[in-house]
Amino acid sequence: LTASLKVKNTAIDALKKESEHITERNKIETDQYTEKNQLEILTCEAEIKKIDDKLSVHQHALFGYLQEHYPAWYETIGKVCHEDLLFNPELNPQVIKKNVDALYGIRLDLSNLPVQAKSLEQYEQRRSELREKISELHTNFLQFREEQVRAEQTKQATISKKIASLKKEIAQVQYDLE
């Protein structure tokens with residue numbers, strides 16, 4: 001009977017350790033998920049900030065000038081001009097000759113190039129998509145935590161029942177020994 005007590009106490013200790021491992025494993029998984037989730041959110045927020053910065057200066061930059069004075073600019077300048085130039089407010093653009101398709105006096109065949117520049121609507125759409133993604137990331141994190149907590153509670157309840165059963169058996173063995 002003493003050996004039976006020892007086996008049951010060892011089983012209880014093993015179950016307690018298993019319970020601790022479950023809790024620790026969940027903490028590690030939560031930390032990893034949180035870190036990944038936060039990194040994605042920060043990436044989205046950084047991209048939103050870049051878009052906001054561009055949209056805040058667009059009227060005082062080449063971008064705004066082109067939209068106002070040269071509506072078809074996406075099909076020409078938009079194919080070869082980098083965004084940094086389009087949103088630089090220090091360029092002071094002005095048209096020297098009207099209706100001339102040239103860049104510094106050089107005509108380029110742009111028909112086979114894709115448009116690189118984005119419209120205001122495309123920037124606003126992208127910002128909207130990023131905000132939606134951030135919201136989705138927050139929701140996914142909450143769902144992850146709920147599922148994780150539920151699973152942990154289920155496992156811990158099972159372990160607690162086993163421990164309670166073993167303690168009952170130990171009490172019975174101790175009673176029989178007396």
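Summary of values
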{"quantity": "Selection from segment 151-164 of residues that are of a type in the set (Gly, Ala, Ser), under 14 Å from Thr23 (Cα atoms) and open to solvent by 50 Å² or more (accessible area, probe 1.4 Å)", "calculated": "Ser160"}
{"quantity": "Those helices (runs of 4 or more DSSP H) lying entirely in segment 1-99 with at least 3 residues surrounded by 15 or more Cβ atoms within 10 Å (Cβ to Cβ) and among the aliphatic types (A, V, I, L, M)", "calculated": "2-57"}
{"quantity": "Check on Ile170, among the hydrophobic types (A, V, I, L, M, F, W, C), in contact (Cβ under 8 Å) with a residue 60 or more places away in the chain and farther than 26 Å from Glu20 by Cβ", "calculated": "no"}
{"quantity": "Total residues in segment 1-19, condition under 20 Å from Gln172 (Cα atoms) and modelled with pLDDT of 90 or more", "calculated": "9"}
{"quantity": "Number of the condition not met by Lys167 [criteria: (1) among the charged types (D, E, K, R); (2) touching a helix residue (DSSP H, G or I) at 6+ places or on another chain (Cβ under 9 Å); (3) open to solvent by 90 Å² or more (accessible area, probe 1.4 Å); (4) farther than 30 Å from Asn9 by Cβ]", "calculated": "(4)"}
{"quantity": "Residues located in segment 4-53, provided they are more than 20 Å from the chain's Cα centre (by Cα) and more than 29 Å from Gln156 (Cβ to Cβ)", "calculated": "Asp53"}
{"quantity": "Residue in segment 121-131 that is small (Gly, Ala, Ser) and either surrounded by 12 or more Cβ atoms within 10 Å (Cβ to Cβ) or modelled with pLDDT of 85 or more (or both) present", "calculated": "yes"}
{"quantity": "Flag for Gln148 being open to solvent by 70 Å² or more (accessible area, probe 1.4 Å) and in a helix (DSSP H, G or I)", "calculated": "no"}
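The values are calculated or read from the model by the stated rules, or taken from the named source; none is laboratory data. Bear in mind that the values here come from a model prediction, so they are computed numbers and not experimental data. Here the Cβ is made from the backbone with ideal geometry for all residues, glycine too, and neighbour counts use every protein chain on show. To get the accessible areas, we keep the full protein, side chains included, count just its heavy atoms, and leave off ligands, DNA and RNA. Shrake-Rupley method; radii C 1.70, N 1.55, O 1.52, S 1.80 Å.
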